[in-house]
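*Asks:* Can you read through this structure? Questions will come right after.
The values are calculated or read from the model by the stated rules, or taken from the named source; none is laboratory data. Just so it is clear, the model here is predicted, and its values are computed rather than measured. FYI the Cβ positions are ideal-geometry reconstructions off the backbone, even for glycines, and counts take in every protein chain you see. Surface accessibility is based on the protein's heavy atoms, side chains included, excluding ligands, DNA and RNA. Shrake-Rupley method; radii C 1.70, N 1.55, O 1.52, S 1.80 Å.
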Amino acid sequence: DAPPADAAAGGGGGGAGSAWNRTGVTWEDKDVSKWASAELQQRVGGAAASLAADERLPRALLGCGLEARVCKVESCEGTATVTSSRGVLRHAFDYSFEAEWEVKPLPGGAEGGAEEGAADAADTVYSGRLKYSDVTAAESADVSTTYKKRPSELVAPRVTDALAELKAAVAEAVRGFEAQLRTKSI
């Protein structure tokens with residue numbers, strides 16, 4: 001199909017399509033992957049969360065507050081498109097990425113540590129990777145967690161809770177990315 005004469009002449013328009021598709025009745029697809037990859041990397045790279053102190057636990061068992069953050073986003077791969085069909089814009093994305101994370105104790109918390117081996121936990125920075133695949137919406141991603149060095153059984157529950165807060169912050173970053181993608185047009 002040839003574009004209507006007034007669209008070919010550069011007429012702007014209503015509808016969801018581009019200038020040559022003013023009425024939006026022809027299928028159009030725009031690849032916004034380059035922008036989307038950079039935007040997603042920036043948003044996820046800024047994800048951080050904190051876990052409040054648990055006064056019932058001594059600092060050595062990570063009763064202190066914890067800070068969890070994404071340190072670096074790597075291998076962000078995928079596609080994002082804006083599609084116009086019959087005057088309706090649709091936005092789609094499918095990404096995979098890996099994020100290096102760290103969880104570190106914050107100052108404060110009750111002193112002491114009843115268990116041997118827990119004494120150094122309050123000074124340890126825990127780290128690893130979050131691997132996200134099939135990210136098509138904030139809630140639909142498959143996520144796997146790896147540790148550079150697994151925390152001891154004594155402190156693992158607190159580190160796991162801090163990571164859950166970080167994963168929620170990453171999901172919020174993906175929601176922000178998705179909202180920004182929805183502002184894109186053909």
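*Asks:* Only residues that are more than 18 Å from G176 (Cβ to Cβ) and in contact with a helix residue (DSSP H, G or I) (Cβ under 6 Å, 6 or more places away or on another chain): list them for the stretch 29-63, please.
*Replies:* The answer is L51, R59, A60, L62.
*Asks:* Can you tell me which condition A137 does not meet? The list is (1) at pLDDT below 95; (2) open to solvent by less than 20 Å² (accessible area, probe 1.4 Å), and all the others hold.
*Replies:* (2)
*Asks:* Here is a follow-up. So, R158, is that one part of a helix (DSSP H, G or I) and touching a residue at least 40 places away in the same chain (Cβ under 8 Å) or not? Break it down stepwise before answering.
*Replies:* Working: part of a helix (DSSP H, G or I): yes; touching a residue at least 40 places away in the same chain (Cβ under 8 Å): yes.
It is true that R158 is part of a helix (DSSP H, G or I) and touching a residue at least 40 places away in the same chain (Cβ under 8 Å).
*Asks:* For the stretch 146-155, enumerate the residues that are surrounded by 14 or more Cβ atoms within 10 Å (Cβ to Cβ) and either over 16 Å from V125 (Cβ atoms) or modelled with pLDDT of 95 or more (or both).
*Replies:* Correct list: Y147, L154.
*Asks:* If only one of D1, D29 is farther than 27 Å from K148 by Cα, of a type in the set (D, E, K, R) and at pLDDT below 75, which one is it?
*Replies:* D1 is the lone residue from the list that is farther than 27 Å from K148 by Cα, of a type in the set (D, E, K, R) and at pLDDT below 75.
*Asks:* Give the stretch 36-49 a look and list any residue that's within 16 Å of F93 (Cα to Cα) and either surrounded by 15 or more Cβ atoms within 10 Å (Cβ to Cβ) or in contact (Cβ under 8 Å) with a residue 60 or more places away in the chain (or both), or say none.
*Replies:* Those that are within 16 Å of F93 (Cα to Cα) and either surrounded by 15 or more Cβ atoms within 10 Å (Cβ to Cβ) or in contact (Cβ under 8 Å) with a residue 60 or more places away in the chain (or both): A36, S37, E39, L40, Q41, R43, V44.
*Asks:* Looking at T79 and the list (1) part of a strand (DSSP E or B); (2) under 20 Å from L130 (Cβ atoms), which single condition is not satisfied?
*Replies:* So the condition that T79 fails would be (2).
*Asks:* Given the conditions (1) of a type in the set (A, V, I, L, M, F, W, C); (2) in contact with a Phe, Trp or Tyr (Cβ under 6 Å, 6 or more places away or on another chain); (3) modelled with pLDDT of 90 or more; (4) within 18 Å of S185 (Cβ to Cβ), and given that W35 satisfies all but one, which numbered condition is not satisfied?
*Replies:* All conditions pass for W35, except number (2).
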